[in-house]
Amino acid sequence: MNREKVMLRRDEKAKRHLEQYAPVWKVAETFVEADDAVFFNVVFHHPEYGWVNRRYKYDGFNDVLYHKGQVTIDEETAIQVQEMPPYLSVSVADVPNAYGG
């Protein structure tokens, strides 16, 4: 599978999951061609934990998004991230039925 197809499939899967946290900023991304996989980090304000940098792996072969952990970040870092265009934004940031996980 080519890189572009893997990225499109990742975006489709990731955005459905991340919309509950919008706005979301993508801050890192690494494509692993041999595995048709993408590792990426996003930053957002979590309703329970505050500002977090969360890592994901998208497995393009199996079409699965894996949560690989998160760390909290300070307000100064969050402000710097918000100067970039968001990966995912919505007009209303309170998504009904968000599980908060």
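Values in this text are rule-based calculations from the coordinates and carry no lab data. Quantities reported herein were computed from a predicted structural model and do not represent experimental measurements. Neighbour counts run over all protein chains shown; Cβ positions are idealised from the backbone, glycine included.
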Note to self: Please count how many residues of segment 64-89 are surrounded by 12 or more Cβ atoms within 10 Å (Cβ to Cβ) and on the phi > 0 side of the Ramachandran plot.
What the structure shows: 0
Check: Taking F44 and the conditions (1) touching a residue at least 40 places away in the same chain (Cβ under 8 Å); (2) touching a Phe, Trp or Tyr at 6+ places or on another chain (Cβ under 8 Å); (3) among the aromatic types (F, W, Y), which numbered condition does it fall short on, given that it satisfies the others?
Finding: (1)
Item checked: Whichever residue in segment 32-52 is farther than 21 Å from V90 by Cβ and buried (at least 18 other Cβ atoms within 10 Å of the Cβ) and, among such residues, is nearest to the chain's Cα centre (by Cα) -> V38
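Could you check how many residues of segment 53-63 are more than 15 Å from H17 (Cβ to Cβ) and surrounded by 17 or more Cβ atoms within 10 Å (Cβ to Cβ)?
Residues of segment 53-63 that are more than 15 Å from H17 (Cβ to Cβ), as a first pass: 53, 60-62.
If we keep only those that are surrounded by 17 or more Cβ atoms within 10 Å (Cβ to Cβ) too, we end up with 53, 60.
The qualifying residues number 2.
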Next item on the list: Output the number of residues of segment 1-31 satisfying the condition of being of a type in the set (V, I, T), over 12 Å from Y87 (Cβ atoms) and surrounded by 15 or more Cβ atoms within 10 Å (Cβ to Cβ).
Entry: 1
Item checked: Hey, A22 in contact with a Ser or Thr (Cβ under 6 Å, 6 or more places away or on another chain) and within 20 Å of S89 (Cβ to Cβ) or not -> yes
